[in-house]
1. If I filter the range A:202-228 down to residues being more than 13 Å from chain B (Cβ to nearest Cβ) and part of a helix (DSSP H, G or I), which single residue comes out as nearest to A:Asp112 (Cα to Cα)?
2. Could you check the range A:66-87 and list, in sequence order, the residues that are among the aromatic types (Phe, Trp, Tyr) and touching a strand residue (DSSP E or B) at 6+ places or on another chain (Cβ under 9 Å)?
3. Looking for something crowded, with 19+ Cβ neighbours inside 10 Å, touching a helix residue (DSSP H, G or I) at 6+ places or on another chain (Cβ under 6 Å) and over 19 Å from B:Asn93 (Cα atoms) - is there at least one such residue anywhere in the range A:169-179?
4. Please indicate, with yes or no, whether at least one residue in the range A:122-137 is in contact with a helix residue (DSSP H, G or I) (Cβ under 7 Å, 6 or more places away or on another chain), within 22 Å of A:Lys327 (Cβ to Cβ) and within 12 Å of another protein chain (Cβ to nearest Cβ).
5. Being at pLDDT 60 or above and surrounded by fewer than 16 Cβ atoms within 10 Å (Cβ to Cβ): is that true of A:Val75 here?
6. Since A:Ala168 meets every condition but one in (1) within 10 Å of chain B (Cβ to nearest Cβ); (2) part of a strand (DSSP E or B); (3) of a type in the set (A, V, I, L, M), which condition does it not meet?
7. Can you work out which of the residues in the range A:235-251 that are more than 14 Å from chain B (Cβ to nearest Cβ) and either farther than 22 Å from A:Tyr313 by Cβ or among the aliphatic types (A, V, I, L, M) (or both) is surrounded by the fewest Cβ atoms within 10 Å (Cβ to Cβ)?
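The values are calculated or read from the model by the stated rules, or taken from the named source; none is laboratory data. Since the model is a prediction, treat every value here as computed from it, not as a measurement. Heads up, the Cβs are rebuilt from the backbone with ideal geometry, glycines too, and the neighbour counts pull from every protein chain shown.
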Amino acid sequence: MAASMRLLVRRVIRLSHRNVNVTAAGLPGRSGCCWAPSSCRCFSDAAGDKSTHFGFETVSESEKAKKVYKVFENVAQKYDVMNDAMSLGIHRVWKDMLLHVMHPQPGVRLLDVAGGTGDIAFRFLEYVRSQQERQKRRAARSMQTPSWQDISNNYSTEDEDGPQESTAVVCDINKEMLKVGKQKADSMGISAGLSWVVGDAEELPFDDDQFDIYTIAFGIRNVTHIDQALQEAQRVLKPGGRFMCLEFSKVTNPVLARLYDTYSFQMIPVLGEVIAGDWKSYQYLVESIRKFPDQEEFKGMIEDAGFYCVRYYNLTGGVVALHSGFKL
Amino acid sequence: MLRNVLGRLVTDTVRVHRYVNGAPLIQRLTPASVSVRSFSDVKDEVQQPFDASLLEFLVCPLSKKPLRYEAETNELINDELGIAYPIIGGIPNMIPQEARLIQKDTDTTTTTTPTQG
């Protein structure tokens, strides 16, 4: 109740700043009588209740989380289709690059935060499995003329080791996105080594020193307190663990930047309206990209969280940056 | 839960009657097979293991202490703080605001999080 009154008061002040006549009759009677104390509280609270950006809008921090949740709840069903349409399929290349740089070995544990529909987790499991097969093939080639005893031994050990080792946990704050991801997994028949958890990146429900790799792909710009998310990443990673972040970033080349801006602001919301029926969410998406810190600044933030050997790779001329750091 | 199964039965049979134009025999058969399937589907969803191996590293986001899996209510319980996190569709929901306060009488959702980090 107090919160809604605070919002009301703030809205009124905003309106009055714009020299719009707000009649007292417009306000509910209750706010009229406690105007004085609530306005005082409002000003002091405004100092404490920090505001942040939601795209190009300014909102309070609590509002941002709710609004972001709403955005992804709306787009969850069409998320993958929209990704393909907006990036012209290039997002697959970006994600494959992430896996390539990650180069996971069989037996590692991955935490994919803001993993939503599970793209990174699926790629991870596939990569690890193909790695295992490559190793098996190499082992088989090295054994020139195996005896039947050796072959039967190999078969028995293979089944035990394989599926148990590498695990991927997909964590997302949004249930709808995870539901879509789980459906995808079920339809692709991937279930071994894959887990789904609803959780907040700023308050991860995982114990310390648990994961070998922490990834967050195109999710960190939606987090209200990025530094908290980075600290949580530091906490849950094992010593020697790797933090990897794929995110839209600043384009360095000015010509490309101009083209990219035009494409972003003219095409993407239109695509959003046509395909997903949601202009505003994709307007938010495009604006939130502009609000996110650039490569160097984000690198600094990662270093502040306690990661070492932080570096970034620019993909597609800086449209996307892959940041990587280690917990040592 | 039984209501959900019955509801699904009803909608499935209605749907089948609407779309199937074939012989009445088939019509009569399909609802039965659908109902059998729906029963097993519901059972599968509930049994769909909440993967207990998750409990190895899953903790309460507030206290960072390990949780206890309660099979009857299908929840993860933090006895220390007295809250229960629901598991929906095999996916545990570890958002503090969605957790249930375990008290003797009340059953309301709680906002115990100190949101300033």
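1. So in the range A:202-228, the residues more than 13 Å from chain B (Cβ to nearest Cβ) come out as A:213, A:215-222.
Subset that is part of a helix (DSSP H, G or I): A:220-222.
Details: A:Ile220: 12, A:Arg221: 15, A:Asn222: 15 Å.
Residue satisfying both the conditions and the ranking: A:Ile220.
2. First, pick out the residues of the range A:66-87 that are among the aromatic types (Phe, Trp, Tyr): A:69, A:72, A:79.
Answer for the range A:66-87, where residues must be among the aromatic types (Phe, Trp, Tyr) and touching a strand residue (DSSP E or B) at 6+ places or on another chain (Cβ under 9 Å): just A:Phe72.
3. No; the residues of the range A:169-179 include none that is crowded, with 19+ Cβ neighbours inside 10 Å, touching a helix residue (DSSP H, G or I) at 6+ places or on another chain (Cβ under 6 Å) and over 19 Å from B:Asn93 (Cα atoms).
4. Scanning the range A:122-137, I find no residue that is in contact with a helix residue (DSSP H, G or I) (Cβ under 7 Å, 6 or more places away or on another chain), within 22 Å of A:Lys327 (Cβ to Cβ) and within 12 Å of another protein chain (Cβ to nearest Cβ), so the answer is no.
5. Values: at pLDDT 60 or above: yes; surrounded by fewer than 16 Cβ atoms within 10 Å (Cβ to Cβ): no.
It is false that A:Val75 is at pLDDT 60 or above and surrounded by fewer than 16 Cβ atoms within 10 Å (Cβ to Cβ).
6. (1)
7. Restricting attention to the range A:235-251, the residues satisfying the condition of being more than 14 Å from chain B (Cβ to nearest Cβ) are A:239-240, A:242-251.
With the extra rule that they be either farther than 22 Å from A:Tyr313 by Cβ or among the aliphatic types (A, V, I, L, M) (or both), the set shrinks to A:239, A:244, A:246, A:251.
Values: A:Pro239: 8, A:Met244: 21, A:Leu246: 25, A:Val251: 20.
Filtering the range A:235-251 for residues that are more than 14 Å from chain B (Cβ to nearest Cβ) and either farther than 22 Å from A:Tyr313 by Cβ or among the aliphatic types (A, V, I, L, M) (or both), the one surrounded by the fewest Cβ atoms within 10 Å (Cβ to Cβ) comes out as A:Pro239.
Residues checked against (1) surrounded by 20 or more Cβ atoms within 10 Å (Cβ to Cβ); (2) within 28 Å of A:Pro293 (Cα to Cα); (3) of a type in the set (Gly, Ala, Ser); (4) more than 9 Å from every other protein chain (Cβ to nearest Cβ):
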residue: A:Ala185; (1), (2), (3), (4): no, no, yes, yes
residue: A:Trp196; (1), (2), (3), (4): yes, no, no, no
residue: A:Leu230; (1), (2), (3), (4): yes, yes, no, yes
residue: A:Ala233; (1), (2), (3), (4): yes, yes, yes, yes
